[in-house]
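Participant: Structure incoming, see below.
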Amino acid sequence: MNCAERLVAIFGSQAEVARRFRLDRAVVNNWVKSGYVPARWAMEVEHVSGGQVTAVEILNEANARKPIRLKSRPDGESFFGSALSGSDTMNKYAPAKRISSFHPPQRTLMGPGPTEIHPRVLTTMSQPAIGYLDPVFVEMMEELKSLLRYAYQTRNPLTFPVSGPGSVGMEYCFVNLVSPGDKVIVCRNGVFGGRMIENVERCGGIPVIVEDKWGEPVDPQKLEDALRKNPDVRIVAFVHAETSTGVLSDARTLVEIAHRHNALAIVDAVTSLGGSPVLVDEWNLDAVYSASQKCLSCTPGLSPVSFSERVVDYVKARKDKIHSWFMDMNLLLGYWGETTRTYHHTAPTNSLFALHEALLLIREEGLDNCWARHQRHHIALKAGLEAMGLKFLVKEQYQIPQMNAVLCPEGVNEAEVRKTLLSEFGLEIGAGLGPLAGKIWRFGLMGYSCRPDNVMLCLSALGSVLDDLGYPVHVGDAEAAAHGAYAAMHAEAAKAKKKREAAKAVA
Ligand SMILES: Cc1ncc(COP(=O)(O)O)c(C=O)c1O
């Protein structure tokens, strides 16, 4: 029996193997058909099978079936003349031979991002590379833009992923909208508002800071007052969902105020997009950016942005040259624009395949179902955490489901808990940042990580670690509370469905 068949025998069926490895069944079927499990799964197989199939067996079998052949000519023969020939010269710069391929462990990711990635997204990402001007790729780009418009609920033609993480999306907005000497209002209620201030300063702008307490939303009245005091401000910036505290600000109201004072709004939707409503058109957001590794559950490294026509006109009317070649909106339009496709930079093609698939999953689920799922698991997690006696940092009405910031109880070593969760349960949660370092834990429920199995694992793992540290928790209470919350929500949903069906029957 080969290793793939042994796994099927151990777990009872191909479907069960697929479930254990969080893979599509077709992938497992392919392992069985080809007679080996690819080498990159070696560590994972040993872990998941509890050592019944070892990593060495996987590696040996995979190597026998598909040996790695890299050399196309005999050793020592070189195109580059004698100076570089011979392995001794080359080895001077090479790392030690014992370094082998990297196989990351399987983790449950419940921090502030990155999240776990759906197997369909991982599979798509490992498809063959193609050129970024290949007609097939160009077709995919158009679909990707429309899927992003769906996620952002906008018709903005200028909606596309910037190559780079969320910080690049943030910088992209500031670099294009802020000229030297411009006054910009930045609302700060956590770490990322602080980053916005840095961006304004680096663009040569003058930040006017509207300060709110960490853990509280941006106060619309304070923004109104600041705009009255500074009538020359043309740009307002704020973070919709502050990841450092888990608080949601009222984007619609803040943008309304900005527009009333003739200012455009830059909105950080890094943590909100996909997890809570971000209604770009309905709320009239001007420049909005997000990141691929939060509720979109893709690999890090892409920042979806969307710009209104107002922003495009504003940037086009700028008299000075934008102070970044890479981020100049006018230049990038040549690649991502509606009609043209000319070389701007080498787009990260496989990451873009992955984002396409991640957004397709959201489209298939339905955005409103996706928001509801985040809310449902947040309610269950909260019920469990509160049953343990833990308190949320943010008042209930401002909490975002995807980022749950909880106060670390007095006398408990915050870092020790996180370390033990990772080493003993393979569970990653987030720490507090800035003034909240050592004081809170951040439990992410984002995208593909937002699942009931993660909620239950997290509660029982945390309960067990806190109990070991002598914190008075009744083991099992948290899980029971979460189960209770799920049951109540299911009953509520069933009642609502019955009511809808009855109304339909009458109609
Ligand atoms: C609200 C917010 N803005 C910006 C960023 C920066 O994104 P990235 O880490 O992808 O550069 C983050 C990252 O966590 C964030 O949470």
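The values are calculated or read from the model by the stated rules, or taken from the named source; none is laboratory data. As the structure is a prediction and not an experimental result, all values here were calculated from the model. A quick note on method: Cβ atoms are made from the backbone with ideal geometry, for glycine too, and the neighbour counts reach across all protein chains shown. These area figures cover heavy atoms from the full protein model, side chains too; ligands, DNA and RNA do not enter into them. Shrake-Rupley method; radii C 1.70, N 1.55, O 1.52, S 1.80 Å.
To keep it simple, each residue is scored yes or no on (1) touching a helix residue (DSSP H, G or I) at 6+ places or on another chain (Cβ under 8 Å); (2) farther than 26 Å from residue 407 by Cα; (3) in contact (Cβ under 8 Å) with a residue 12 or more places away in the chain.
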{"site": "219", "(1), (2), (3)": "no, no, no"}
{"site": "230", "(1), (2), (3)": "no, yes, yes"}
{"site": "236", "(1), (2), (3)": "yes, yes, yes"}
{"site": "242", "(1), (2), (3)": "yes, no, yes"}
{"site": "245", "(1), (2), (3)": "yes, no, yes"}
{"site": "255", "(1), (2), (3)": "no, yes, yes"}
{"site": "281", "(1), (2), (3)": "no, yes, yes"}
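Participant: Hey, does region 278-291 have a residue that's small (Gly, Ala, Ser), in contact with a His (Cβ under 8 Å, 6 or more places away or on another chain) and either in a strand (DSSP E or B) or more than 12 Å from the ligand (Cβ to nearest atom) (or both)?
Facilitator: Here is the first cut: in region 278-291, the ones small (Gly, Ala, Ser) are 287, 290-291.
Right, trim to in contact with a His (Cβ under 8 Å, 6 or more places away or on another chain) and you get none.
Taking every residue of region 278-291 in turn, none turns out to be small (Gly, Ala, Ser), in contact with a His (Cβ under 8 Å, 6 or more places away or on another chain) and either in a strand (DSSP E or B) or more than 12 Å from the ligand (Cβ to nearest atom) (or both).
Participant: A further question follows. Just for region 227-246: of the residues that are part of a loop (DSSP other than H, G, I, E, B) and under 16 Å from the mean Cα position of the chain (by Cα), which one is nearest to the ligand (Cβ to nearest atom)? Please lay out each step first, then the result.
Facilitator: In the first step, residues of region 227-246 are kept if they are part of a loop (DSSP other than H, G, I, E, B); the result is 230-234, 240, 243-246.
Now restrict to residues that are under 16 Å from the mean Cα position of the chain (by Cα): 240, 243-244, 246.
Numbers: 240: 8, 243: 3, 244: 7, 246: 11 Å.
Selected residue: 243.
Participant: Considering only residues that are open to solvent by less than 40 Å² (accessible area, probe 1.4 Å) and of a type outside the set (Gly, Ala, Ser), which ones fall in region 457-468?
Facilitator: The answer is 458, 459, 462, 465, 466.
Participant: Return only the number of the condition from (1) modelled with pLDDT of 95 or more; (2) open to solvent by 20 Å² or more (accessible area, probe 1.4 Å) that residue 454 does not satisfy.
Facilitator: That leaves (2) as the condition not met.
Participant: I'm trying to understand the selection: among the residues of region 247-272, which are away from the ligand (no atom under 16 Å from the Cβ), within 30 Å of the chain's Cα centre (by Cα) and open to solvent by less than 50 Å² (accessible area, probe 1.4 Å)?
Facilitator: Matches in region 247-272: 253, 255, 257, 258, 263, 264.
Participant: Given 136, 48, 53, 37, which one is closer than 30 Å to residue 166 by Cβ, of a type in the set (A, V, I, L, M, F, W, C) and at pLDDT 90 or above? Show your work before the answer.
Facilitator: On the way: 48 fails: closer than 30 Å to residue 166 by Cβ; 53 fails: closer than 30 Å to residue 166 by Cβ; 37 fails: closer than 30 Å to residue 166 by Cβ.
Answer to the selection: 136.
Participant: While we're here: For residue 421, state whether it is among the aliphatic types (A, V, I, L, M) and farther than 23 Å from residue 273 by Cβ.
Facilitator: On the way: among the aliphatic types (A, V, I, L, M): yes; farther than 23 Å from residue 273 by Cβ: yes.
When the stated conditions are applied, residue 421 passes them.
Participant: Check region 160-169 and report whether any residue there is within 16 Å of the ligand (Cβ to nearest atom), among the aromatic types (Phe, Trp, Tyr), crowded, with 20+ Cβ neighbours inside 10 Å and in contact (Cβ under 8 Å) with a residue 40 or more places away in the chain. Steps first, answer last, please.
Facilitator: At the first step, the residues of region 160-169 found to be within 16 Å of the ligand (Cβ to nearest atom) are 161-169.
Filter once more, so that each one left must be among the aromatic types (Phe, Trp, Tyr): none.
For region 160-169, residues within 16 Å of the ligand (Cβ to nearest atom), among the aromatic types (Phe, Trp, Tyr), crowded, with 20+ Cβ neighbours inside 10 Å and in contact (Cβ under 8 Å) with a residue 40 or more places away in the chain: absent.
Participant: Could you please find all residues in region 313-371 being assigned to a helix (DSSP H, G or I), open to solvent by 30 Å² or more (accessible area, probe 1.4 Å) and touching an Asp or Glu at 6+ places or on another chain (Cβ under 9 Å)?
Facilitator: Matches in region 313-371: 314, 360.
Participant: Looking at 471, 448, which is the one that is in contact (Cβ under 8 Å) with a residue 40 or more places away in the chain, part of a loop (DSSP other than H, G, I, E, B) and open to solvent by 30 Å² or more (accessible area, probe 1.4 Å)? Lay out the reasoning, then the answer.
Facilitator: Numbers: 448 fails: part of a loop (DSSP other than H, G, I, E, B).
So the residue among 471, 448 that is in contact (Cβ under 8 Å) with a residue 40 or more places away in the chain, part of a loop (DSSP other than H, G, I, E, B) and open to solvent by 30 Å² or more (accessible area, probe 1.4 Å) is 471.
Participant: Here is a follow-up. Taking residue 195 as meeting all but one of (1) more than 29 Å from residue 299 (Cβ to Cβ); (2) without any contact (Cβ under 8 Å) to a residue 60 or more places away in the chain, write down the number of the exception.
Facilitator: (1)
Participant: Now for a separate question. Examine region 309-317 for a residue that is touching a helix residue (DSSP H, G or I) at 6+ places or on another chain (Cβ under 8 Å), small (Gly, Ala, Ser) and farther than 17 Å from residue 159 by Cα, and state whether such a residue exists.
Facilitator: No: zero hits.
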